[in-house]
Amino acid sequence: MSYFYKQNLSGWEWYEAETVTSTNDEIKNLAVGNAAVVLSAVCQTGGRGRRGRSWQPVIGNLYFTYTLDIAPKELSRVVCLIGLSLAETVIAAAPQADVKIKWPNDVFLGGKKLSGILLENLSDTHWVVGIGVNIVAAPQLSNASYAAGSLQENGIMLDRTDFLRYYLAKFAETMQAYRDKGFAPLKKRWLELALNYRGRISIKQENETKTGLFSALDDNGYLILKTETGEERIVAGDLFITKEQ
Ligand code: BTN
């Protein structure tokens, strides 16, 4: 597999490959030592989504992965901060755009899914963060729970390299703010952008679906669901908007 070293992008060593199976797999060959490395690919032949779903390629869309050291107790907060950084990248390019974060970190634009994030662990503290952003077009998805949208169909003309550059700078800025001031101010901003915050939602988990009110995000980044039987802390699951009854 060959990569091209492109340039230093917002402090990251940026490599690009033409075609890979998945940038989440290939990064493991590149990310040796402590350098901040990011790998993007023009095309993925075996792109993976969450819960065993596939992530279909469209030339011109963005597929990239980087590695990150995250202490186990920080993980759920950092997961939210990655989504927040992606949402802020879109907002910086298009301040009037209808940008939402679906807990914990999918970004929605104009009511359609714009990006997805797949975190996979190499060890307890070493993670690969794989991100797909629909820049030019939404992929055709047969088994998707949500319609997919793209930047271009919303009139946002940012190319994949610019998006990557702005995102990496935004993520570094967000993580610095987290280290300096803690999670609270970022959580407040995250909630301003949260899809259906204080509304009725369902959380689909492996074996059950829970329905209730999206009442809060706790200090770990977990969702607090108010159900008929009380408040429940949701650590993982897929969020769906439920019609008011
Ligand atoms: C999701 O299901 O929402 C997560 C999608 C993650 C897709 C990205 S594209 C870059 C990286 N490589 C992969 O194989 N998956 C992630």
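Read the figures in this text as sums done on the coordinates, not as results from a lab. Keep in mind that what you see is a predicted model, and the values were worked out from it rather than measured. Reconstructed Cβ throughout: ideal geometry from the backbone, glycine too, with neighbour counts over all protein chains shown.
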Looking at this structure, is residue 164 within 15 Å of the ligand (Cβ to nearest atom) and either closer than 25 Å to residue 54 by Cβ or surrounded by fewer than 16 Cβ atoms within 10 Å (Cβ to Cβ) (or both)? yes
Quick one: what pairs do we get from segment 109-138, first residue without any contact (Cβ under 8 Å) to a residue 12 or more places away in the chain, second surrounded by fewer than 20 Cβ atoms within 10 Å (Cβ to Cβ) and part of a strand (DSSP E or B), C-beta under 6 Å, 6+ apart or different chains? 121/127
Report yes if residue 38 is more than 8 Å from the ligand (Cβ to nearest atom), part of a strand (DSSP E or B) and surrounded by fewer than 17 Cβ atoms within 10 Å (Cβ to Cβ), otherwise no. no
Residue among 164, 141, 191, 195 that is of a type in the set (A, V, I, L, M), touching a strand residue (DSSP E or B) at 6+ places or on another chain (Cβ under 7 Å) and free of Cβ contacts under 8 Å to residues at least 60 places away in the same chain: 191
Complete set of residues in segment 57-85 that are closer than 21 Å to residue 126 by Cα, within 14 Å of the ligand (Cβ to nearest atom) and hydrophobic (A, V, I, L, M, F, W, C): 64, 68, 79, 82
Exactly one of (1) in a strand (DSSP E or B); (2) over 21 Å from residue 139 (Cα atoms); (3) touching a residue at least 12 places away in the same chain (Cβ under 8 Å) is unmet by residue 7. Its number? (3)
Residue check, residue 71 against (1) in contact (Cβ under 8 Å) with a residue 24 or more places away in the chain; (2) closer than 27 Å to residue 177 by Cα; (3) under 18 Å from the mean Cα position of the chain (by Cα), all met but one. Which one? (3)
Within segment 8-19, identify whether any single residue is of a type outside the set (Phe, Trp, Tyr) and surrounded by 22 or more Cβ atoms within 10 Å (Cβ to Cβ), and answer yes or no. no
